[in-house]
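Inspection log for the structure reproduced underneath, given as structure tokens.
The values are calculated or read from the model by the stated rules, or taken from the named source; none is laboratory data. These numbers come from a predicted model, not from an experiment. Methodologically, a virtual Cβ is constructed for each residue, glycine included, from the backbone with ideal geometry; neighbour enumeration extends over all protein chains shown.
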Amino acid sequence: MGSPHGMAFPLIGCDTMKVSTTALVRLLKTTKRNQFVNGKEQPQVVSCILRSEGGTVQTTSIVRDGKTSVARFSITGDGFPATIPVPDIDRLLGALKFHGQNVTLDVTENKLVVKSGNKTTTMSANTDGRAFPNNHTTIGEWEKNSQERAQSIEENKYVLQDGDKITPFFSYTMDAENLFDALRCDEMNGQRLNRYRFIGEEDDFKVVVGDHLKGQTEILLDNEKITPKKSFEATFEGGLEYVLKHYNGKVRLSFFDFTNIGQGYRLVLTFSNEDFLLQASVL
């Protein structure tokens with residue numbers, strides 16, 4: 001997981017990619033990671049670069065605040081190397097609704113061309129566009145920063161800037177569907193607070209969502225007695241349920257402790273296909 005340190009991330013490979021439309025829609029929706037802020041739904045990632053290599057198509061993105069989270073998501077690809085800039089994820093999703101079962105993406109002269117059957121849709125696209133509105137960082141620069149940040153996760157260890165690696169003080173593997181079912185209780189009675197309070201204590205590992213006004217829900221995440229190495233409580237945001245809704249199989253939750261340097265906790269969700277999401281806790 002993660003790329004080797006010092007690896008270059010060229011922006012352009014072959015510029016043609018063939019992929020399942022349904023799978024691409026899932027990847028794009030997962031990548032943009034909608035969350036609710038003050039009751040309003042908004043994407044945490046607006047643009048991305050699709051990279052096809054080794055039989056997968058993947059995105060690697062830091063969220064819009066530039067620091068609290070980075071994630072790598074993937075789907076099965078055609079096996080040919082390609083690099084496709086997507087300047088507006090929602091715009092591409094809007095186009096894909098009108099295309100067939102499989103699409104070909106092609107980049108030519110700063111244009112993204114989407115083809116399926118007898119349909120061809122063309123829209124502006126290049127790596128020099130802005131990664132976010134009101135942000136001068138380009139799509140290419142943002143993805144490069146994201147790839148570098150993603151290197152901090154390596155085989156369930158957190159790699160520090162000096163190269164030292166630390167292990168999680170607590171890890172737990174469970175069904176992704178069950179974790180999604182727990183976190184989606186955040187939406188009970190329209191609350192959508194986008195907050196998940198994980199608690200590890202003697203014999204229990206649970207998550208608490210919602211407030212008492214409209215319904216606070218406590219969900220035990222383990223079916224047997226589990227005692228973390230130490231008791232802890234950490235609150236995370238980041239629209240986690242909007243990622244989990246697109247996964248099945250197992251997910252491993254790994255918690256890292258940075259409280260001794262005033263940086264709270266880090267949670268890494270690792271899925272069975274080695275996709276991952278790193279989320280910093282609320283301080």
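Things worth noting here:
- Residue list for segment 132-158, restricted to those being aromatic (Phe, Trp, Tyr) and either assigned to a helix (DSSP H, G or I) or modelled with pLDDT under 95 (or both): 132, 142
- Any pair with Cβ under 7 angstrom, 6 or more apart, that starts in segment 20-34 at a residue that is on the phi > 0 side of the Ramachandran plot and ends at one that is among the hydroxyl-bearing types (Ser, Thr, Tyr): 33/242
- Within this structure, residue 106 passes the test of being over 18 Å from the mean Cα position of the chain (by Cα), farther than 30 Å from residue 220 by Cα and not in a loop (DSSP other than H, G, I, E, B).
- Segment 73-82, residues that are surrounded by fewer than 19 Cβ atoms within 10 Å (Cβ to Cβ) and in a strand (DSSP E or B): 76
- Enumeration of residues in segment 237-266 that are farther than 11 Å from residue 278 by Cα, without any contact (Cβ under 8 Å) to a residue 60 or more places away in the chain and among the aromatic types (Phe, Trp, Tyr): 258
- Subset of segment 234-283 [more than 17 Å from residue 59 (Cβ to Cβ), polar (S, T, N, Q) and assigned to a loop (DSSP other than H, G, I, E, B)]: 248, 263, 272
- Residue 127 vs. criteria assigned to a strand (DSSP E or B) and over 20 Å from residue 236 (Cα atoms): no
- Residue count for segment 92-124, restricted to those that are within 19 Å of residue 43 (Cα to Cα) and not charged (D, E, K, R): 5
- Qualifying positions in segment 36-72 - assigned to a strand (DSSP E or B) and within 12 Å of the chain's Cα centre (by Cα): 48, 58, 59, 60, 61, 62, 69, 70, 71, 72
- Close Cβ contacts (under 6 Å, 6 or more residues apart or on different chains) running from residues in segment 180-199 that are without any contact (Cβ under 8 Å) to a residue 40 or more places away in the chain to residues that are surrounded by fewer than 16 Cβ atoms within 10 Å (Cβ to Cβ) and basic (Lys, Arg) comprise 189/214; 191/214; 199/206.
- Checklist (1) in contact with a Cys (Cβ under 9 Å, 6 or more places away or on another chain); (2) assigned to a loop (DSSP other than H, G, I, E, B) applied to residue 85, failing item: (2)
- Residue 98, sole failed condition from (1) in contact (Cβ under 8 Å) with a residue 24 or more places away in the chain; (2) in a loop (DSSP other than H, G, I, E, B): (1)
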